[in-house]
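Structure, as structure tokens:
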Amino acid sequence: MLLCDAAQVADGKLYVLGGGWSITGPDATPSAIAIKVEVDWHEATQPHHWELFLVDADGQPVGLETPEGTQLIEVRGDFEVGQPEGIPAGSPVDLPLAINIGPVPLAPGGRYTWRLSIDGETDASWVLSFTTRPADIA
């Protein structure tokens, strides 16, 4: 997983612009998350569900106020990969994901973390943390 300014998937590869940052703001700017999932061979032909949640420094979900009420900042999707010809049986299968996110107004001087889960499971390494600059620093 990598925080970046923008990302896209083409021809099975991740293309990343402005990648590898961990400090942003204080103004809301677009961002993206580039993810490379290695799907185990025996799970390649099965459907999977992934979810990304933004949490604050206390581990609480981050939400935005909307006319309909508070909306949590989260992204979800499903995937299924095949077992490509030409790679040895038992090899993991790469799945690149590019999640582009519009400007999100976050509190200046805060610490935030994107947490990934796949099929309801998570791992300590499936997180991306970043800080927003204080309002008086630009």
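The values are calculated or read from the model by the stated rules, or taken from the named source; none is laboratory data. For clarity, every value in this text was computed on a predicted model and none was experimentally measured. All Cβ positions, even for glycine, are placed from backbone atoms using ideal geometry, and neighbour counts span all protein chains on display.
Look through the range 105-125, keep the residues that are assigned to a loop (DSSP other than H, G, I, E, B) and in contact with a Phe, Trp or Tyr (Cβ under 9 Å, 6 or more places away or on another chain), and return whichever of them is nearest to ASP58 (Cα to Cα). Don't jump to the end; show me each part of the working.
Kept after step one, since they are assigned to a loop (DSSP other than H, G, I, E, B), are these residues of the range 105-125: 105-110, 119-120, 122-125.
Next, only the ones that are in contact with a Phe, Trp or Tyr (Cβ under 9 Å, 6 or more places away or on another chain) stay: 106, 119.
Details: LEU106: 15, ASP119: 24 Å.
Checked the range 105-125; the qualifying residue nearest to ASP58 (Cα to Cα) is LEU106.
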Count, please, the residues in the range 72-120 that happen to be modelled with pLDDT under 95, polar (S, T, N, Q) and under 28 Å from ALA28 (Cα atoms). 0
Residues satisfying the stated conditions in the range 57-82, i.e. assigned to a strand (DSSP E or B), farther than 18 Å from ASP123 by Cα and of a type in the set (D, E, K, R): GLU65, ASP78
State all residues of the range 75-93 that are farther than 25 Å from LEU116 by Cα and either surrounded by 13 or more Cβ atoms within 10 Å (Cβ to Cβ) or out of contact with any strand residue (DSSP E or B) (no Cβ under 7 Å at 6 or more places or on another chain) (or both); if no residue qualifies, say none. GLU85, GLY86, ILE87, PRO88, ALA89
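Yes or no, residue by residue, for (1) assigned to a strand (DSSP E or B); (2) of a type in the set (Lys, Arg); (3) at pLDDT 95 or above; (4) within 14 Å of the chain's Cα centre (by Cα):
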position	(1), (2), (3), (4)
GLN8	yes, no, yes, yes
VAL16	yes, no, yes, yes
GLY19	no, no, yes, yes
PRO26	no, no, no, no
ALA32	yes, no, yes, yes
ILE35	yes, no, yes, yes
THR45	no, no, no, no
HIS49	yes, no, yes, yes
LEU52	yes, no, yes, yes
